[in-house]
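See below for the structure under consideration.
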Amino acid sequence: MREPIIQLRGVCQKFGENVILDGVDVDIYKGEGLGIIGPSGTGKSTILRIIAGLLTPDSGSVYILGQKRQGSIEDAQDPLYIGMVFQQAALFDSLTVEENVGFRMIQQSKLSRQKIRSLVEDKLSLVGMKGVADRYPDQLSGGMKKRVSFARAIMSNPERPQDNPEVLLYDEPTAGLDPIASTVIEDLVRNLQTVKGGCETHVMVTHQDSTIRRTTDRIIFLHKGKVQWNGRTADIDSTQDPVVRQFFSASTEGPIRVIG
């Protein structure tokens, strides 16, 4: 049996009186695309923040390569580097693409700017954005900004191979994109699993049917703070679980409460 590289055990999270996660267990395996899906407000992005170390759960444990995380990522470095791609790309408007993608290297490494630019160009080429290093974010389309944020997430420092990303977390990367632009991003997510300099393991949070089906191998379905269903993406259409069936049929009838 394979051992998970990341484990969440009994994770609980409340915001005020609102219970978001209620004893959630998650396993993430090397080389897989894991989807975390479910109705809005069920804690999908919260789980990503916990996995990334940006949020410490109220209770429960997070294990990275079998090592229990103590506190947040600011308290101690994990034994593997986890990168994150935010929903709105989160680029700095006042910085060029080169400065955005190479931001961590510029701030934290002793590499020359010429070397950083070379590394940035390599990553931009991987995401199909060669030749845009000198542009600013407002000169890019929404889909282009998303791809630039991918390049930033997979930036690696040859002086510190332990900081090379081994897991990528995607928070709704195709939200707000037209179907063609979404397909480009979905293909890119899969391509980054196999290409040299990419990242072979990812966790995808999304509502979009095509993104779920094209970028994930396994799905965790959250509902009412708990894992309702855990199964292969290929089994979406054959499962008899009523919550999963309602979600993918977009029916207003079923156990998922329709508000409004």
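Residues that are surrounded by fewer than 17 Cβ atoms within 10 Å (Cβ to Cβ) and under 22 Å from ARG190 (Cβ atoms): does segment 103-119 have at least one?
No, segment 103-119 contains no residue that is surrounded by fewer than 17 Cβ atoms within 10 Å (Cβ to Cβ) and under 22 Å from ARG190 (Cβ atoms).
Can you name the strands (runs of 3 or more DSSP E) wholly within segment 1-93 that have at least 2 residues being in contact (Cβ under 8 Å) with a residue 12 or more places away in the chain and under 24 Å from THR211 (Cβ atoms)?
Here the list reads 6-15, 18-28, 33-37, 81-85.
Keeping to segment 158-174, report how many residues are hydroxyl-bearing (Ser, Thr, Tyr) and modelled with pLDDT of 90 or more.
Result for segment 158-174: 1.
Since GLY225 meets every condition but one in (1) of a type in the set (Gly, Ala, Ser); (2) modelled with pLDDT of 90 or more; (3) closer than 19 Å to GLN208 by Cβ, which condition does it not meet?
Condition not satisfied by GLY225: (3).
Can you name every residue in segment 204-221 that is part of a loop (DSSP other than H, G, I, E, B) and either farther than 12 Å from PHE248 by Cβ or at pLDDT 95 or above (or both)?
If the condition is that a residue be part of a loop (DSSP other than H, G, I, E, B) and either farther than 12 Å from PHE248 by Cβ or at pLDDT 95 or above (or both), then THR206, THR216, ASP217 are the ones that fit.
Right, VAL85: modelled with pLDDT of 95 or more and among the β-branched types (Val, Ile, Thr) or not?
In short, no.
Is it the case that some residue within segment 40-48 is among the hydroxyl-bearing types (Ser, Thr, Tyr), under 18 Å from the mean Cα position of the chain (by Cα), farther than 22 Å from ARG152 by Cβ and loosely packed, with under 13 Cβ neighbours inside 10 Å?
yes
Quick one: in segment 49-83, which of the residues that are touching a Pro at 6+ places or on another chain (Cβ under 9 Å) and among the aliphatic types (A, V, I, L, M) is surrounded by the fewest Cβ atoms within 10 Å (Cβ to Cβ)?
Per the stated criteria, the residue is LEU65.
The values are calculated or read from the model by the stated rules, or taken from the named source; none is laboratory data. Only a predicted model underlies this, so the values are computations on that prediction, with no experimental measurement involved. No Cβ is skipped: glycine too gets one built from the backbone with ideal geometry, and neighbour counts run over all protein chains shown.
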